Amino acid sequence: MTRADYTAIARWVPQQARVLDLGCGDGELLKFLRNERNASGYGIEIAPDNILASVRNGVNVIQKDLETGLSGFGANSFDCVILSQTLQAMHHTELMMKEMLRVGREAIVTFPNFGYWRHRLQILLGHMPVSSDLPYQWFNTPNIHLCTLTDFEGLCKTLHVHILERLVLEDGRAIDALPNLRGSLAIYRIKAA
Amino acid sequence: MKSIGLVIPQVARFDQLFRFKSGAALDGFELMYETYGTLNEARSNAVLVCHALNASHHVAGRYSDDPKSAGWWDNMVGPGKPIDTNRFFVVGVNNIGGCHGSTGPASINPKTAKPYGSAFPIVTVDDWVHAQALLAEYLGIGRWAAVMGGSLGGMQALQWTIDFPERARHALVIAAAPRLSAQNIAFNEVARQAITTDPDFHGGDFYAHGVVPTRGLRLARMLGHITYLSDDAMMEKFGRALRSGALGFHFDVEFEIESYLRHQADKFAEVFDANTYLRITKALDYFDPALPYEGNLSEAFSHAQANYLIVSFTSDWRFSPARSKEIVQALTDNRLNVSYVEVDAPHGHDAFLMDNRHYHGCVAAYMDNVAAEVSA
């Protein structure tokens, strides 16, 4: 995640929002949202180093395995649930989508676009894609559910999820034309139907 | 790392009626305490460390007459340590009803000129917290930067934030539970039975007979100690090792674990008061902040304002991570600031007393932010 990604996400987070950041990493995004949007809430994380970094960043971090769902949180208890660059690494993708939109009035989902032209090119050349947004080799990647913009939008349709806004970035710059080809990172604002 | 060095315990005397939750009262009492570091001018950097079952006010440092007298949480509290005494003013206190200098069952009742013994009131976590609040006033501390403790000490930290929401900015609740399970209470009851059925117990008034219910105390301690360790940790440390290397076909000490338990039991029975042990286990059993709210723990924290760090240990089966998660749930239900860390440690309940880089790192990082907040 870069500052550009944070700024893009922050634009969609209302002032004073209650935020749940799923897979909050080092807590930098929550800290950014606290400073920029006066947002409060919790981060969920499982990796010990990230938990330590989040505590150091002074944000609320709760150690928990997201795959077990969000049963500890009531319906609509957050203004905004953020799933930043985590969806593609989850086993229970559909469950996660439903859970996010249960506990949050809205959700912001970001993921690396597998349809990005550089990714396509690498496959054409006979390799699994490696890029700044997909920085892993095939044998050590945590990403098991990679998708393109079109794929994600198809899932939203199946799950009756409304797409409120979409922002597609390449190196932090917004892409308008041919986003599924030219965009490396997708950011969606969604809500339950 | 450096220890705080030599420390000296102090006594605070309270000449006022102290009413216990049970309704019983004392006309006055004393609390034994120690302090480390310096209280800043704003009096904002004070940290209270609450002890668990068998510890005391002696949290850190050592006494000049005994080089082996390191405090029970010396790896946590000291210069450059997670609770950094270069920045914080740390207070350790022996709870009322204890046996390390504070007024307790072995103290002399001024009305009878004899030890209180069985007449000493049953104590609760609330009673301890209220006595600690008097000590805070005595020391001129209006609001703790943090109240912290492990196990039963963590329960006191929780109680502080319920009973005195404005007097604790942060609570560090480590290896605790929101209330005991039936199994927890069962273990305590066996320990109490061991003591009360010892012929030397004399209904709690053994002092007059010049005896101590050593057998009961030893059994209580052995049982307790088993619950503090994990199966794996015990196997790792002792295995099935035999002291003499071969089976002896007798009932004396054979396995190393037997030797270890007996040694722990002997040490404990020499210094610990049986009446205090009974009362502390009872305080554990009675602890249940949700009780006035029909069992709803979230309601119990509805007026709380503190920020929390909750820590549990994977191998702790006495107060397992699931118990800490109940606390976290109640806090997030109230939208309180809370971080929860589940430390991967093999030692069982006692892990909260051990060195662990991640555990200490998280506490240190948390307290760094507390220090910045209170300008320590």
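The values are calculated or read from the model by the stated rules, or taken from the named source; none is laboratory data. Every value quoted in this text rests on a predicted model; they were computed, and no experiment measured them. A quick note on method: Cβ atoms are made from the backbone with ideal geometry, for glycine too, and the neighbour counts reach across all protein chains shown.
Structure summary
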{"quantity": "Within region B:348-358, tally of residues that are more than 9 Å from chain A (Cβ to nearest Cβ) and surrounded by fewer than 22 Cβ atoms within 10 Å (Cβ to Cβ)", "calculated": "6"}
{"quantity": "Of the criteria (1) farther than 30 Å from B:Val49 by Cβ; (2) among the acidic types (Asp, Glu); (3) exposed (fewer than 15 other Cβ atoms within 10 Å of the Cβ), which one B:Glu236 fails", "calculated": "(1)"}
{"quantity": "Condition check for B:Lys2: among the charged types (D, E, K, R), at pLDDT below 95 and either within 30 Å of B:Pro110 (Cβ to Cβ) or part of a loop (DSSP other than H, G, I, E, B) (or both)", "calculated": "yes"}
{"quantity": "Residue in region A:78-98 that is nearest to the other protein chains (Cβ to nearest Cβ), counting only those that are in a strand (DSSP E or B) and either aliphatic (A, V, I, L, M) or touching a helix residue (DSSP H, G or I) at 6+ places or on another chain (Cβ under 7 Å) (or both)", "calculated": "A:Phe78"}
{"quantity": "Helices (runs of 4 or more DSSP H) completely within region B:177-245 that count 3 or more residues being of a type in the set (Gly, Ala, Ser)", "calculated": "B:182-196, B:214-228"}
{"quantity": "Criterion (more than 11 Å from chain A (Cβ to nearest Cβ), within 27 Å of B:Asp288 (Cα to Cα), among the small types (Gly, Ala, Ser) and in a helix (DSSP H, G or I)) met by exactly one of B:Ala330, B:Ala322", "calculated": "B:Ala322"}
{"quantity": "Contacts under 9 angstrom Cβ, first residue in region B:358-376 being at pLDDT below 95, partner of a type in the set (Lys, Arg), 6 or more apart", "calculated": "B:Ala376/B:Arg87"}
{"quantity": "Residue among B:Pro105, B:Pro110, B:Pro121 that alone is in contact (Cβ under 8 Å) with a residue 40 or more places away in the chain, surrounded by 22 or more Cβ atoms within 10 Å (Cβ to Cβ) and farther than 30 Å from B:Ala365 by Cα", "calculated": "B:Pro105"}
{"quantity": "Single residue of region A:42-77 satisfying the filter (more than 7 Å from chain B (Cβ to nearest Cβ) and of a type in the set (Val, Ile, Thr)) that is surrounded by the most Cβ atoms within 10 Å (Cβ to Cβ)", "calculated": "A:Val59"}
{"quantity": "For B:Ala304: the one exception among (1) within 20 Å of the chain's Cα centre (by Cα); (2) in contact (Cβ under 8 Å) with a residue 40 or more places away in the chain", "calculated": "(1)"}
{"quantity": "Filter result for the condition that a residue is on the phi > 0 side of the Ramachandran plot and among the acidic types (Asp, Glu), over B:Glu294, B:Glu258, B:Glu373", "calculated": "B:Glu294"}
{"quantity": "Condition met for B:Thr276 (buried (at least 19 other Cβ atoms within 10 Å of the Cβ), β-branched (Val, Ile, Thr) and more than 22 Å from B:Leu331 (Cβ to Cβ))", "calculated": "yes"}
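Yes or no, residue by residue, for (1) closer than 27 Å to A:Asp151 by Cα; (2) in contact with a helix residue (DSSP H, G or I) (Cβ under 8 Å, 6 or more places away or on another chain); (3) assigned to a loop (DSSP other than H, G, I, E, B); (4) at pLDDT below 95:
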residue: A:Ile62; (1), (2), (3), (4): no, yes, no, no
residue: A:Asn76; (1), (2), (3), (4): yes, yes, yes, no
residue: A:Met100; (1), (2), (3), (4): yes, no, no, no
residue: A:Ile108; (1), (2), (3), (4): yes, yes, no, no
